[in-house]
Amino acid sequence: MTRTALRRLGVSAACALGFLVRTVPASALQDPPAPQAPAATPAAPAPERTTTPEPKPYDRVITKEAKSDTGVFTVHRIGDRLYYEIPKAELGKEFLWVSQIARTTLGVGQGGQAAGNRVVRWERRNNRVFLRNISYDIVADPSQPIAKAVEAANNDAILMAFNVEAVGKDDAPVIEVTRLFTTEVPEFSARARVRANTFDAARSFVERAVSFPQNIEVEATHTYSTGVQVQNGPANNANAARPGSSSVVMHYSMVKLPEKPMQPRLFDERVGYFNVRQTDYGRDEHRAQSRRYIARWRLEKQDPNAALSEPVKPIVYYIDPATPTKWVPYLKRGIESWQEAFEAAGFKNAILAKDAPSKAQDPEWSPEDARYSVIRWLPSTTENASGPHISDPRTGEILESDIQFYHNVMNLVRDWYFVQVGPLDPRAAKLPLSDDLMGQLLTYVTAHEVGHTLGFQHNMKASSLYPADKLHDRAWVKKMGHTPSLMDYSRFNYVAQPEDHIDAADLIPRIGPYDRWATMWGYKPIPGARTPDDEKKTLDEWARQQDATPWLRFSTADAAGSDPGDLTEAVGDADAVKSTAMGLKNLERVSNMLLSATTKPGEPYDDLEETYGRLLGQWVLEMNHVTAIVGGSESQQKVSGQAGPRFTPVSRARQVQAVQFLSAYAFTTPMYFVKPEILRRIEPTGVIDRIRTSQQRVLASLLTGSRISRLVEQEALDGSHAYRPTDFLADVRKAVWSELDRESVRIDPYRRNLQRAFLGIMGDKLNGRQPATDDGRPLARGELRTLDQSVRSALMKVADRTTRFHLEDVRDQIARMLDPKFVPPAAAPPVVFALASDGLECWPDYSIHRQQE
């Protein structure tokens with residue numbers, strides 16, 4: 001456990017380590033036996049005294065055969081050996097060390113994949129040079145007395161030590177660093193990324209080393225042995241390595257951190273920025289204060305007095321030369337679409353897209369060079385894209401980013417677009433999509449990932465902050481988009497209907513009002529502010545604009561899972577019942593166009609099967625936006641001084657409406673998916689299982705233990721105004737088992753499957769691997785007993801033998817679930833921990849910590 005983790009847990013290192021030393025049963029805690037004299041052991045031989053060899057003459061180390069490159073360090077290459085000549089002025093300076101996989105063996109990771117970064121410093125001590133790892137987890141003002149204690153608790157680890165082989169001009173030490181790149185250094189290793197077992201130094205070597213004014217770029221071939229069997233074949237090369245040997249080319253960038261750190265901006269939970277965290281022991285507080293700074297690029301105006309100025313240094317993204325040529329203009333458009341957001345912060349042309357230079361233009365340019373931000377196009381069947389960034393841990397300044405664009409993300413957005421809005425865009429009536437439409441979808445994906453590299457977190461709340469009716473308003477959507485933020489997982493406007501006549505271009509997310517406002521909040525200069533604390537008043541005033549304009553709000557801290565407006569893949573979740581009802585109309589339309597859209601003469605039915613599966617998945621997503629209403633609380637992130645609560649339970653009426661909707665549309669079989677002309681082209685059997693699995697996912701979401709616990713608490717706080725958990729469970733039971741109240745009871749196979757799913761979920765609350773231990777257990781037991789009585793009465797009215805056998809089996813299952821002999825055994829008595837310290841007492845920590853994204 002790290003010092004950071006221990007600090008967050010509120011437990012002293014000595015105390016926690018005591019728990020880790022040994023555990024013993026309570027019976028062993030007796031008086032210790034009398035000490036015995038230790039057995040005599042032979043004296044250990046005295047260790048040999050070693051001395052560091054004296055440096056050799058410079059020309060005997062850096063010979064005429066050396067190929068030298070001058071930059072931040074001078075890099076010398078002599079055969080297979082690599083030397084660094086470190087200027088005296090660069091000793092003690094801090095560098096960011098960035099590790100990436102440049103090229104790889106098929107089935108072993110991805111080319112362009114990040115492999116970690118850390119801050120390092122080179123230090124000379126007599127005739128040795130040490131490479132140290134620098135941590136900024138805990139800090140203190142050097143002028144404060146506690147700074148010495150912080151330094152003592154955060155000693156920088158030595159990653160590798162080197163002898164000074166020679167001394168160059170102005171006392172610059174020359175060291176051989178070959179083994180830094182040809183042996184496995186745990187802090188720089190990609191072994192975990194490539195899922196390898198062992199590293200083979202004999203098959204590893206330095207390929208290239210180049211020095212620039214602010215950075216050094218090194219590439220080395222590393223060979224690993226792997227013993228992991230591929231599960232899904234070599235095409236699934238993102239998941240597992242094949243057994244045997246794997247050689248990957250690692251790219252290491254060592255970039256000098258700014259000598260003058262950027263002035264950081266304090267993080268505010270009301271605005272969604274990634275951030276760096278430090279525990280500052282030097283502030284005048286009664287506890288160590290956590291200081292968090294937002295991650296952002298350093299943008300400075302050429303004309304500080306101008307309302308709109310070009311930056312001194314714009315943010316530049318290069319397009320990977322491996323990118324298919326026809327998609328390059330669309331990726332550039334996605335990058336530069338953020339220019340309008342930066343104009344809100346006072347910057348013109350703040351972000352630019354450029355083609356990567358050719359070898360003739362710049363033979364040393366490399367997409368792995370940490371001075372350049374690049375959109376990497378990766379040959380992978382992974383359906384994804386990601387936008388990581390590298391930032392200065394001292395200030396949050398973003399230094400570089402490489403967006404990873406996996407080839408098959410095109411397949412994902414194609415299916416999403418067709419399934420969600422295919423009936424609204426004539427271009428999507430037939431697959432594959434046209435190049436122009438696919439290009440627009442790639443522009444959207446690019447802009448979203450660029451947003452992450454500008455410092456923005458996801459804002460899943462955004463999609464619920466527009467009035468639901470506005471998603472049908474052509475003029476509103478033209479001006480505002482269908483979601484306030486591109487950083488939401490709100491894909492395409494499936495709430496819109498054909499009669500709304502929404503322009504096809506307005507079905508796709510784009511930069512929204514939240515994105516412009518959040519860019520202003522994070523990047524706009526605040527005149528006269530010399531420290532982060534000087535900016536707090538202005539930043540708070542900007543953040544309070546959320547009170548008057550709801551769609552400027554960000555996801556609420558601690559609300560994950562409880563706020564029905566903070567959902568992934570949602571459109572219009574301000575009123576999820578109404579929006580899902582509109583979405584279902586489009587899904588039915590898609591089911592009717594599915595066969596004609598995917599049929600290609602002479603081709604197999606792969607597209608038909610895939611899109612049919614996506615269609616059912618979309619149905620589950622939209623239904624689960626409704627389940628989130630039950631037991632939910634609407635929220636707004638606030639700070640002291642802002643009126644009103646952060647959390648307001650959803651009204652009882654809305655929760656009841658949600659269950660009624662699910663009863664009518666989720667637990668009633670969606671027969672528009674049961675199309676023999678489709679199903680018998682993709683499989684001999686399976687539709688019953690497909691429907692069962694889909695309905696089970698919705699039912700399981702509705703009956704989660706956390707949801708029931710929230711209902712119990714809402715009743716405890718709000719009494720008769722709350723949706724009582726007993727009423728909720730009764731409503732769900734009646735929806736799933738509605739046939740039992742009919743005069744003639746007949747249950748079809750789809751509903752029998754749903755009812756068995758209900759039994760399984762309730763049974764797990766009593767006898768599962770993690771049975772309920774709160775009110776969920778007696779509530780489940782009570783519902784099963786009530787159901788048993790209803791089934792017993794219904795058996796007198798059954799209309800067919802299959803239904804009778806089903807209901808008899810149901811009674812047998814309930815009896816088994818309620819039988820005490822099937823109840824799991826009680827938990828074993830707790831193990832008593834013996835401390836390996838001198839009677840040190842550990843106080844429990846009842847604080848709750850939230851892990852940051």
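Since every read-out is calculated from the coordinates, none of them should be taken as a lab result. Small disclaimer: the values here were computed from a predicted structure and weren't measured. Virtual Cβ from ideal backbone geometry, glycine too; neighbours counted across all protein chains shown.
Using a ≥ b ≥ c from the Cα gyration tensor of the range 632-726 (square roots of the eigenvalues), is it rounded, prolate or oblate, where a/c under 1.5 gives rounded and otherwise the larger of a/b and b/c decides, a/b for prolate?
Judged from the Cα gyration tensor, the range 632-726 comes out prolate (a/c at least 1.5, a/b above b/c).
Residues with amide H under 5 Å of I403's amide H, sequence separation 5 or more or different chain, H placed in the peptide plane at 1.01 Å from N; which?
V374, I375, R376
I need the peptides 707-720, 611-624, 477-490 ranked by packing, meaning the mean over residues of other C-beta atoms within 10 angstrom, with the highest value on top.
Most protected by this proxy first, the peptides run 477-490, 611-624, 707-720.
Send over the semi-axes of the range 675-776's equivalent ellipsoid, whole angstrom and largest first, taken as the square roots of 5 times the C-alpha gyration tensor eigenvalues.
Sorted largest first and rounded, they come to 32, 17, 13 Å.
At a 10 angstrom cut-off on C-beta neighbours, averaged per residue, how do the peptides 301-308, 348-355 rank from highest to lowest?
Going from most to least packed, we get 348-355, 301-308.
Equivalent ellipsoid semi-axes for the range 295-451, as square roots of 5 times the alpha carbon gyration tensor eigenvalues: give them largest first, rounded to whole Å.
Three semi-axes, in Å: 30, 20, 14.
Compute the distribution of all C-alpha to C-alpha distances in the range 422-505, in bins of 10 Å from 0, and list the percent of pairs in each, rounded to whole numbers.
16, 44, 35, 6
Can you compute 3J(HN,Hα) from phi for each residue in the range 511-518, using the Karplus curve 6.51 cos²θ - 1.76 cosθ + 1.60 with θ = phi - 60°, rounded to whole Hz and x for Gly and Pro?
These are the phi-based 3J(HN,Hα) values: 3, x, x, 5, 4, 5, 5, 5 Hz.
Of the cross-linked pairs K56/K88; K326/K348; K313/K479; K313/K638; K479/K585, which ones have a Cα-Cα span greater than 23 Å in the structure shown?
Check vs 23 Å cut-off fails for K326/K348; K313/K479; K313/K638; K479/K585.
Give, as a single signed number, the net charge of other residues whose beta carbon lies under 11 Å from the beta carbon of V421, with Lys and Arg counted +1 and Asp and Glu -1.
Around V421, the surrounding residues sum to +1.
Arranged by the count of other C-beta atoms within 10 angstrom, fewest first, what order do Y224, Y494, Y444 take?
Y444, Y224, Y494
Just add up the charged neighbours of F130: K/R +1, D/E -1, any other residue whose Cβ is under 11 Å from the Cβ of F130.
Charge balance near F130 sits at +3.
Could you go through the range 578-592 in sequence order and give the Karplus-derived ³J(HN,Hα) for each residue, using 6.51 cos²θ - 1.76 cosθ + 1.60 with θ = phi - 60°, rounded to whole Hz, and x for Gly and Pro?
Calculated HN-Hα couplings, in order: 5, 5, 5, 4, 5, x, 5, 4, 5, 5, 5, 5, 4, 4, 7 Hz.
Rounded to the nearest 0.05, what FRET efficiency is calculated for K479 and N133 with R0 set to 56 Å and r the Cβ-Cβ distance?
0.65
Please give the peptides 426-435, 646-655, 693-702 ranked by average Cβ packing (other Cβ atoms within 10 Å per residue), highest first, as a rough proxy for protection.
With the highest mean Cβ count within 10 Å placed first, the list reads 693-702, 646-655, 426-435.
Return the long-range amide H neighbours of T381 (sequence gap of 5 or more, or a different chain), with a cut-off of under 5 Å between placed amide H atoms.
Distant-sequence amide H within range of T381: N237.
Collect residues whose amide H, placed 1.01 Å from N in the peptide plane, falls under 5 Å from the amide H of V164; neighbours closer than 5 in sequence don't count.
Amide H to amide H, under 5 Å and 5 or more residues apart or across chains, V164 pairs with R128, V129.
Which ordering of I62, I158 is given by a fewest-first count of other beta-carbon atoms within 10 Å?
I158, I62
Sorting M593, M460 on the 10 Å Cβ count, fewest up front, what's the list?
Least crowded to most crowded, the residues run M593, M460.
For the range 46-96, max minus min Cα coordinate along each principal axis, in Å, sorted largest first?
Rounded to whole Å, the extents work out to 45, 31, 20 Å.
Would you mind computing the Rg to Rh ratio of the range 651-701 from its alpha-carbon coordinates, Kirkwood style for Rh?
When Rh is taken as the Kirkwood radius, the ratio is 1.13.
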